[in-house]
Amino acid sequence: MLNGKIALITGASRGIGKAIAQKLAALGAQIALVDLADSGEGQGLANCIQEEYKVKAAFYGCDVTDFAGVKATVAAVKEDFGTVDILVNNAGITRDGLVAVMKESDFDDVLAVNLKGAFHLIRHVTPLMIRNKGGKIINISSIAGLMGNGGQANYAASKAGLIGLTKSVARELAGRNITCNAIAPGFIQTEMTKSFDETDPFVASIPLKRMGSVDDVAAAAAFLADSGADYITGEVLRVDGGLAI
(Lines give C-alpha, C1' and ligand atoms only; values in the text may rest on other atoms or scores of the structure.)
Protein backbone atom coordinates (compact mmCIF):
# COMPACT_ATOMS: atom_id res chain seq x y z
CA MET A 1 0.00 0.00 0.00
CA LEU A 2 1.06 3.58 -0.68
CA ASN A 3 -0.94 5.34 2.01
CA GLY A 4 0.48 8.79 2.70
CA LYS A 5 2.89 8.74 -0.25
CA ILE A 6 2.95 11.62 -2.73
CA ALA A 7 3.25 10.66 -6.41
CA LEU A 8 4.06 13.11 -9.20
CA ILE A 9 3.17 11.75 -12.65
CA THR A 10 3.92 13.48 -15.96
CA GLY A 11 1.88 12.97 -19.11
CA ALA A 12 -0.88 12.13 -16.67
CA SER A 13 -4.06 13.26 -18.41
CA ARG A 14 -4.62 10.20 -20.57
CA GLY A 15 -3.39 6.77 -21.63
CA ILE A 16 -0.63 5.15 -19.59
CA GLY A 17 -0.15 8.19 -17.34
CA LYS A 18 -3.84 8.26 -16.43
CA ALA A 19 -3.87 4.54 -15.66
CA ILE A 20 -0.81 4.87 -13.44
CA ALA A 21 -2.38 7.81 -11.58
CA GLN A 22 -5.55 5.83 -10.94
CA LYS A 23 -3.65 2.72 -9.85
CA LEU A 24 -1.43 4.56 -7.38
CA ALA A 25 -4.45 6.46 -6.05
CA ALA A 26 -6.28 3.17 -5.54
CA LEU A 27 -3.33 2.08 -3.39
CA GLY A 28 -3.66 5.21 -1.24
CA ALA A 29 -1.15 7.63 -2.78
CA GLN A 30 -1.91 11.32 -3.18
CA ILE A 31 -1.49 12.36 -6.80
CA ALA A 32 0.09 15.39 -8.49
CA LEU A 33 -0.90 15.23 -12.16
CA VAL A 34 1.42 17.07 -14.58
CA ASP A 35 0.66 17.62 -18.25
CA LEU A 36 0.55 20.35 -20.86
CA ALA A 37 -1.80 23.32 -20.36
CA ASP A 38 -5.13 21.83 -19.36
CA SER A 39 -7.92 21.22 -21.84
CA GLY A 40 -10.11 20.04 -18.99
CA GLU A 41 -8.87 16.44 -18.96
CA GLY A 42 -6.24 16.90 -16.27
CA GLN A 43 -8.44 18.81 -13.86
CA GLY A 44 -11.31 16.42 -14.57
CA LEU A 45 -9.08 13.46 -13.73
CA ALA A 46 -7.95 15.13 -10.51
CA ASN A 47 -11.57 15.63 -9.50
CA CYS A 48 -12.45 12.02 -10.35
CA ILE A 49 -9.50 10.65 -8.36
CA GLN A 50 -10.46 12.66 -5.31
CA GLU A 51 -14.07 11.53 -5.53
CA GLU A 52 -13.46 7.87 -6.31
CA TYR A 53 -10.37 7.09 -4.25
CA LYS A 54 -10.75 9.67 -1.45
CA VAL A 55 -7.17 10.91 -1.79
CA LYS A 56 -5.86 14.37 -2.55
CA ALA A 57 -5.17 15.06 -6.23
CA ALA A 58 -4.28 18.22 -8.14
CA PHE A 59 -3.45 19.11 -11.73
CA TYR A 60 -0.48 21.24 -12.84
CA GLY A 61 -0.04 22.55 -16.38
CA CYS A 62 3.62 22.31 -17.33
CA ASP A 63 5.83 21.87 -20.40
CA VAL A 64 8.43 19.33 -19.28
CA THR A 65 10.94 20.71 -21.80
CA ASP A 66 11.07 23.99 -19.84
CA PHE A 67 13.73 23.70 -17.11
CA ALA A 68 12.52 26.77 -15.21
CA GLY A 69 8.88 25.79 -15.69
CA VAL A 70 9.49 22.34 -14.23
CA LYS A 71 11.30 23.88 -11.27
CA ALA A 72 8.31 26.13 -10.60
CA THR A 73 5.88 23.21 -10.94
CA VAL A 74 7.82 21.04 -8.50
CA ALA A 75 7.88 23.97 -6.07
CA ALA A 76 4.10 24.28 -6.41
CA VAL A 77 3.66 20.56 -5.75
CA LYS A 78 5.87 20.84 -2.66
CA GLU A 79 3.78 23.79 -1.46
CA ASP A 80 0.53 21.87 -1.94
CA PHE A 81 1.56 18.35 -0.90
CA GLY A 82 4.66 18.88 1.23
CA THR A 83 7.03 16.67 -0.77
CA VAL A 84 7.32 14.06 -3.54
CA ASP A 85 7.94 10.39 -2.71
CA ILE A 86 7.30 8.82 -6.12
CA LEU A 87 8.16 10.33 -9.51
CA VAL A 88 6.82 8.77 -12.71
CA ASN A 89 8.30 10.23 -15.90
CA ASN A 90 5.69 9.27 -18.47
CA ALA A 91 5.43 12.37 -20.71
CA GLY A 92 6.29 11.44 -24.29
CA ILE A 93 5.62 12.24 -27.92
CA THR A 94 6.27 10.68 -31.33
CA ARG A 95 7.26 12.31 -34.61
CA ASP A 96 7.73 9.23 -36.77
CA GLY A 97 9.57 9.24 -40.08
CA LEU A 98 12.40 7.57 -41.94
CA VAL A 99 15.80 8.81 -40.82
CA ALA A 100 16.81 9.71 -44.40
CA VAL A 101 14.11 12.37 -44.58
CA MET A 102 13.49 13.20 -40.91
CA LYS A 103 13.31 16.88 -40.04
CA GLU A 104 15.82 18.12 -37.50
CA SER A 105 12.98 19.65 -35.50
CA ASP A 106 11.23 16.26 -35.29
CA PHE A 107 14.35 14.67 -33.85
CA ASP A 108 14.95 17.52 -31.42
CA ASP A 109 11.34 17.74 -30.22
CA VAL A 110 11.11 14.05 -29.37
CA LEU A 111 14.37 14.03 -27.42
CA ALA A 112 13.40 17.25 -25.65
CA VAL A 113 10.15 15.79 -24.30
CA ASN A 114 10.98 12.12 -23.83
CA LEU A 115 14.53 12.37 -22.51
CA LYS A 116 15.38 15.90 -21.44
CA GLY A 117 11.95 16.29 -19.84
CA ALA A 118 12.67 13.30 -17.61
CA PHE A 119 16.02 14.82 -16.63
CA HIS A 120 14.28 18.09 -15.69
CA LEU A 121 11.88 16.31 -13.34
CA ILE A 122 14.59 14.16 -11.80
CA ARG A 123 16.82 17.19 -11.33
CA HIS A 124 14.20 19.17 -9.43
CA VAL A 125 12.52 16.34 -7.51
CA THR A 126 15.72 14.65 -6.33
CA PRO A 127 16.49 17.27 -3.62
CA LEU A 128 13.08 16.57 -2.04
CA MET A 129 13.76 12.84 -2.01
CA ILE A 130 17.21 13.36 -0.52
CA ARG A 131 15.62 15.34 2.32
CA ASN A 132 13.11 12.51 2.76
CA LYS A 133 15.97 10.00 2.88
CA GLY A 134 14.31 7.92 0.20
CA GLY A 135 12.18 7.87 -2.92
CA LYS A 136 11.14 6.02 -6.05
CA ILE A 137 11.81 7.22 -9.62
CA ILE A 138 10.10 5.34 -12.45
CA ASN A 139 10.86 6.21 -16.07
CA ILE A 140 8.53 5.00 -18.82
CA SER A 141 10.80 3.86 -21.64
CA SER A 142 9.84 1.48 -24.47
CA ILE A 143 10.98 -1.73 -26.09
CA ALA A 144 11.86 0.55 -29.01
CA GLY A 145 14.73 1.71 -26.81
CA LEU A 146 15.92 -1.89 -26.50
CA MET A 147 15.29 -3.16 -30.04
CA GLY A 148 15.08 -0.09 -32.25
CA ASN A 149 12.17 0.39 -34.63
CA GLY A 150 12.12 1.41 -38.27
CA GLY A 151 10.65 4.86 -38.80
CA GLN A 152 11.26 5.81 -35.17
CA ALA A 153 14.95 6.67 -34.93
CA ASN A 154 14.16 9.72 -32.81
CA TYR A 155 11.74 7.89 -30.50
CA ALA A 156 14.00 4.85 -30.10
CA ALA A 157 16.99 7.09 -29.38
CA SER A 158 15.05 8.99 -26.72
CA LYS A 159 13.86 5.79 -25.04
CA ALA A 160 17.30 4.18 -25.17
CA GLY A 161 18.70 7.37 -23.66
CA LEU A 162 16.09 7.13 -20.92
CA ILE A 163 17.39 3.68 -20.03
CA GLY A 164 20.94 5.03 -19.77
CA LEU A 165 19.67 7.90 -17.64
CA THR A 166 17.84 5.41 -15.41
CA LYS A 167 20.94 3.34 -14.78
CA SER A 168 23.15 6.36 -14.10
CA VAL A 169 20.64 7.94 -11.72
CA ALA A 170 20.22 4.59 -9.96
CA ARG A 171 23.96 4.45 -9.32
CA GLU A 172 24.16 8.07 -8.18
CA LEU A 173 21.23 7.96 -5.78
CA ALA A 174 21.41 4.43 -4.37
CA GLY A 175 23.36 5.69 -1.37
CA ARG A 176 20.49 8.08 -0.64
CA ASN A 177 17.96 5.24 -0.49
CA ILE A 178 16.42 6.41 -3.79
CA THR A 179 15.72 3.79 -6.44
CA CYS A 180 15.41 4.49 -10.16
CA ASN A 181 13.94 1.96 -12.56
CA ALA A 182 12.48 1.94 -16.05
CA ILE A 183 9.44 0.25 -17.55
CA ALA A 184 9.64 -0.71 -21.23
CA PRO A 185 6.11 -1.18 -22.58
CA GLY A 186 5.57 -3.03 -25.82
CA PHE A 187 2.47 -2.72 -27.99
CA ILE A 188 -0.08 -1.10 -25.66
CA GLN A 189 -3.69 -0.23 -26.50
CA THR A 190 -3.90 3.59 -26.38
CA GLU A 191 -5.11 6.40 -28.61
CA MET A 192 -1.86 6.08 -30.56
CA THR A 193 -2.56 2.42 -31.44
CA LYS A 194 -6.35 2.44 -31.77
CA SER A 195 -6.16 1.61 -35.50
CA PHE A 196 -4.64 -1.80 -34.71
CA ASP A 197 -6.50 -4.92 -33.62
CA GLU A 198 -5.72 -8.52 -32.74
CA THR A 199 -5.70 -9.55 -36.43
CA ASP A 200 -2.80 -7.26 -37.31
CA PRO A 201 0.37 -9.19 -38.31
CA PHE A 202 2.45 -7.18 -35.85
CA VAL A 203 0.13 -8.15 -33.01
CA ALA A 204 0.29 -11.77 -34.15
CA SER A 205 4.08 -11.62 -33.73
CA ILE A 206 3.73 -11.00 -29.99
CA PRO A 207 4.27 -14.30 -28.13
CA LEU A 208 1.19 -13.72 -25.95
CA LYS A 209 -0.79 -12.97 -29.14
CA ARG A 210 -2.40 -9.79 -27.86
CA MET A 211 -1.73 -6.14 -27.25
CA GLY A 212 -1.12 -5.02 -23.69
CA SER A 213 -3.35 -2.66 -21.77
CA VAL A 214 -2.52 0.53 -19.92
CA ASP A 215 -3.46 -1.36 -16.76
CA ASP A 216 -0.61 -3.81 -17.42
CA VAL A 217 1.84 -0.92 -17.37
CA ALA A 218 0.16 0.65 -14.33
CA ALA A 219 0.53 -2.62 -12.41
CA ALA A 220 4.27 -2.61 -13.14
CA ALA A 221 4.55 0.99 -11.94
CA ALA A 222 2.66 0.13 -8.74
CA PHE A 223 5.05 -2.76 -8.10
CA LEU A 224 8.13 -0.55 -8.50
CA ALA A 225 6.58 2.21 -6.36
CA ASP A 226 5.83 -0.13 -3.44
CA SER A 227 8.14 -1.00 -0.58
CA GLY A 228 8.35 -4.56 -1.91
CA ALA A 229 10.66 -3.22 -4.63
CA ASP A 230 13.02 -1.40 -2.27
CA TYR A 231 15.95 -3.61 -3.27
CA ILE A 232 15.43 -3.19 -7.02
CA THR A 233 17.21 -0.34 -8.80
CA GLY A 234 18.65 0.31 -12.25
CA GLU A 235 16.34 -2.30 -13.78
CA VAL A 236 14.34 -2.24 -17.01
CA LEU A 237 11.04 -4.08 -16.57
CA ARG A 238 9.59 -5.11 -19.94
CA VAL A 239 5.80 -5.14 -20.22
CA ASP A 240 5.59 -6.41 -23.79
CA GLY A 241 3.97 -9.83 -23.94
CA GLY A 242 7.34 -11.33 -24.77
CA LEU A 243 7.94 -9.20 -27.88
CA ALA A 244 11.55 -8.39 -26.96
CA ILE A 245 12.55 -11.90 -25.89
Per the list (1) more than 30 Å from Gly4 (Cβ to Cβ); (2) more than 17 Å from the chain's Cα centre (by Cα), residue check on Val113 breaks on (2)
- Query: Looking at Glu41, is it without any contact (Cβ under 8 Å) to a residue 60 or more places away in the chain and either under 30 Å from Ser168 (Cβ atoms) or aromatic (Phe, Trp, Tyr) (or both)?
  - Reply: no
**Asked** Does region 233-244 include one or more residues that are under 21 Å from Ile122 (Cβ atoms), among the aliphatic types (A, V, I, L, M) and touching a Leu at 6+ places or on another chain (Cβ under 9 Å)?
**Response** yes
Restricting region 36-54 to residues that are farther than 21 Å from Ala220 by Cβ and surrounded by 20 or more Cβ atoms within 10 Å (Cβ to Cβ), the one farthest from the chain's Cα centre (by Cα) turns out to be Ala46
* Asked: Any chance region 187-195 includes a residue that's more than 17 Å from Asn114 (Cα to Cα), assigned to a helix (DSSP H, G or I) and over 17 Å from the mean Cα position of the chain (by Cα)?
  -> yes
(message) Taking the conditions exactly as written (charged (D, E, K, R) and within 30 Å of Gly69 (Cα to Cα)), does Arg210 satisfy them or not?
(response) no
Hey, any hits in region 90-105 for a residue that's surrounded by fewer than 22 Cβ atoms within 10 Å (Cβ to Cβ) and in a helix (DSSP H, G or I)? yes
Quick count over region 130-157, residues being assigned to a strand (DSSP E or B) and under 15 Å from the mean Cα position of the chain (by Cα), is 5
Residue pairs qualifying under the 7 Å Cβ cut-off, at least six apart or on distinct chains, with the first in region 147-164 being closer than 22 Å to Phe119 by Cβ and touching a residue at least 12 places away in the same chain (Cβ under 8 Å) and the second being assigned to a loop (DSSP other than H, G, I, E, B) and of a type in the set (A, V, I, L, M), are Ala153/Val99; Ala153/Met102; Asn154/Met102
On the basis of being at pLDDT 95 or above, closer than 17 Å to Asp215 by Cα and of a type outside the set (Asp, Glu), does Ala32 make the cut? no
Expected output for region 74-91 (first residue among the β-branched types (Val, Ile, Thr), partner in a loop (DSSP other than H, G, I, E, B), Cβ below 7 Å, 6+ apart or cross-chain) is Val77/Val84; Ile86/Lys5; Ile86/Ala29
Condition set more than 18 Å from Thr233 (Cβ to Cβ) and of a type in the set (Lys, Arg), scope region 145-195, selection surrounded by the fewest Cβ atoms within 10 Å (Cβ to Cβ): answer is Lys194
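The values are calculated or read from the model by the stated rules, or taken from the named source; none is laboratory data. This one's a predicted model, so the numbers in the text were calculated from it and none came from an experiment. Using ideal geometry, Cβ is built from the backbone for each residue, glycine included, and neighbour counts are taken over all protein chains shown.
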